[in-house]
Amino acid sequence: MKRRLPFQVKLFLSLVGFSCLLLAMLGAILFHVIDRQQHRDLGQRARVQASEIALMPGLADKVAVRDVAGIARLIQPLRNQSDASYIVIGDVRENHLYHSESPERLHLPMIGGDNAEVLQGKTIISMRKGGIGVSLRSKAPILDANNQVIGIVSVGYLTSYIANINARLLWQAGLYGLLLLILLFIFSWIFSRNVKRQMFWLEPKDIAQLVLQQKALLEAMYEGIFAVNAEKQLILINRAARELLDIRQPEKDLIGKPLEDILQTPPTFFAQSDRAGNGSFHDQIIVLNQRQVIVNRVPIELEPGTESGWVFSFRDKNDINTLSSQLSQVKRYADNLRIMRHEQLNWTATLAGLLQMQRYDDAMRYIQAQSEGAQAVLDFVSARFTSPALCGLLLGKFVSAREKGIELAFDPACQLSRIPASINETALMSVIGNLLDNAVDATLKAQNNSAPVELYISDRNQELVIEVADQGVGVDDALKPHIFEQGVSSKPSNLHEMAGSDHGIGLYLVAGYVHQACGSIEVTDNSPQGTIFSVFIPFPATVSPGQHHE
């Protein structure tokens, strides 16, 4: 299996390779510039020297008489001070009269073929191959008293000399380049390591895998999730959020847009925070896109103490209400079974004691007394209510209230043959059960707790009416406007309770189910004391009066 290099090493090698390429290109450009500049400077230097030598006093006279020894004595001191590769003096016939490097070439023809312009009185710069090699040279004419050309001065620099100068310059530049390359190595390694650290030491393929896993996880979640940045622009939203909020656009068309262009959010949506003021909140009921949802918000902190955005998760409030009511219903069933079992055990123990004492007549009268009361309630409930679940609930509440010493009295006019389509059976059980529990608890707190709790249920007159009346402690006038809010209960003496407690949930659920069914709920004072809760849920308008009784 072929081993792959880590991302940090790949990035380091890429930076180093690119840096070396740039340095190589820079070196080539630098060499070209230096070489051109060197030729230009040395050509001008050779021109100046050639022109000055040609004007030396006495040189023209010695050239005119071809005084080779005199010319050598005149030029040699200058040669010792010049950095040129050679100095050559020739006559008008282009023969050597002086050669600083090759004296054996005296009286031999000058090589290069570039003397024509010089013999016409011009000073030139050329690159030619001479007797000792290729050189950059300048030639100037030697003029007599009549301004006639009688000789030639040639001052040149061999290309090998120029190459040595360039090599020294490039060597110095190379040392700086090597130092720069070492610094680039260090920078590349530190940079690649810093990038890898910001990537949490993950490889790109691992990051890509995490992104795909995160996307799959978000799409698989039942809860709606979306996130915004510090500018409140949407940066993430999953499928469940789009479905719950009825957003039709695909995710790619939503990313980057301001949140207020996508969601109808309340003004305090971003202003809310928890008690610590850290920008997060939990289980807040908010209306988004005309839908009540329960929202949690968690800040995104790329740096400690700095909020770079927020992640919101939410779920439909109706789903939570349904789960809560179902849980409450199961709890009530369990309590009812426990109470009935306890009562049955007491009834059985009493009966067994009478039988052991052979008091058979008393045992028969006890059995008749117990069965008559229970049978009467059973007959009334089963005759007036067609819902088996409601019958079971009312029987359980009757037994539970009797266990606590409270009588649950049914109004003789009770009748329920059908349930409105706007509320399901589970929600109706929650409404009735919570109202009865609230009435029993209020009665137990009263000084005279012998008064019964009265229940009236009727489906006459195109609406379902539920009334629960007690003669308990009642509800304070200051509490009535808030009694159906989440976290507010009529049970404690103070106005507000913690939302996390058991109080303040029952009536809140009742109000929620009633409002969902387009119904209404009223709270009035009972006489001489206590409270009456009245619920009104209309039937659909298409239902005819003859359909009230089945």
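The values are calculated or read from the model by the stated rules, or taken from the named source; none is laboratory data. The structure presented is a predicted model; accordingly, all values stated were derived computationally and were not measured. When we count neighbours, we look across all protein chains shown, and the Cβ atoms used for this are built from the backbone with ideal geometry, even at glycine.
State yes or no: is LEU435 assigned to a helix (DSSP H, G or I) and either over 18 Å from ALA517 (Cβ atoms) or aliphatic (A, V, I, L, M) (or both)? Spelling it out, LEU435 is indeed assigned to a helix (DSSP H, G or I) and either over 18 Å from ALA517 (Cβ atoms) or aliphatic (A, V, I, L, M) (or both). Of the listed requirements (1) in a helix (DSSP H, G or I); (2) modelled with pLDDT of 90 or more; (3) of a type outside the set (D, E, K, R), ASN80 misses just one: (2). Filtering the range 418-427 down to residues that are in contact (Cβ under 8 Å) with a residue 60 or more places away in the chain and not in a helix (DSSP H, G or I), which residue is farthest from ILE537 (Cα to Cα)? Selected residue: ARG418.
Going by what's in this entry, would ALA413 be described as on the phi < 0 side of the Ramachandran plot and either out of contact with any helix residue (DSSP H, G or I) (no Cβ under 9 Å at 6 or more places or on another chain) or at pLDDT 90 or above (or both)? Spelling it out, ALA413 is indeed on the phi < 0 side of the Ramachandran plot and either out of contact with any helix residue (DSSP H, G or I) (no Cβ under 9 Å at 6 or more places or on another chain) or at pLDDT 90 or above (or both). Among residues of the range 396-410 being at pLDDT 85 or above and part of a helix (DSSP H, G or I), the one that is nearest to PRO452 (Cα to Cα) is ALA401. Using the structure shown, decide if ALA511 is modelled with pLDDT under 75 and hydrophobic (A, V, I, L, M, F, W, C). Here the answer is no, as ALA511 does not meet what is asked.
Looking at LYS205, LYS257, LYS232, LYS252, just one residue is touching a Leu at 6+ places or on another chain (Cβ under 6 Å) and over 17 Å from VAL295 (Cα atoms), and that residue is LYS257. Residues satisfying the criterion are absent from the range 428-438 (criterion: surrounded by fewer than 18 Cβ atoms within 10 Å (Cβ to Cβ) and touching a residue at least 12 places away in the same chain (Cβ under 8 Å)). In this structure, does LEU158 turn out to be touching a residue at least 24 places away in the same chain (Cβ under 8 Å), surrounded by 16 or more Cβ atoms within 10 Å (Cβ to Cβ) and assigned by TED's automatic domain parsing to the domain that holds SER14? Answer is yes for this residue.
Residues that are over 14 Å from ILE152 (Cβ atoms) and polar (S, T, N, Q) within the range 85-112 comprise SER85, SER100, SER102, listed in sequence order. In the range 206-237, the residue that is nearest to PHE7 (Cα to Cα) out of those that are in a loop (DSSP other than H, G, I, E, B) and under 13 Å from the mean Cα position of the chain (by Cα) is ALA230. Within the range 420-465, being farther than 29 Å from GLN529 by Cβ and touching a Ser or Thr at 6+ places or on another chain (Cβ under 7 Å) holds for GLU425, THR426, ALA427, ASP459.
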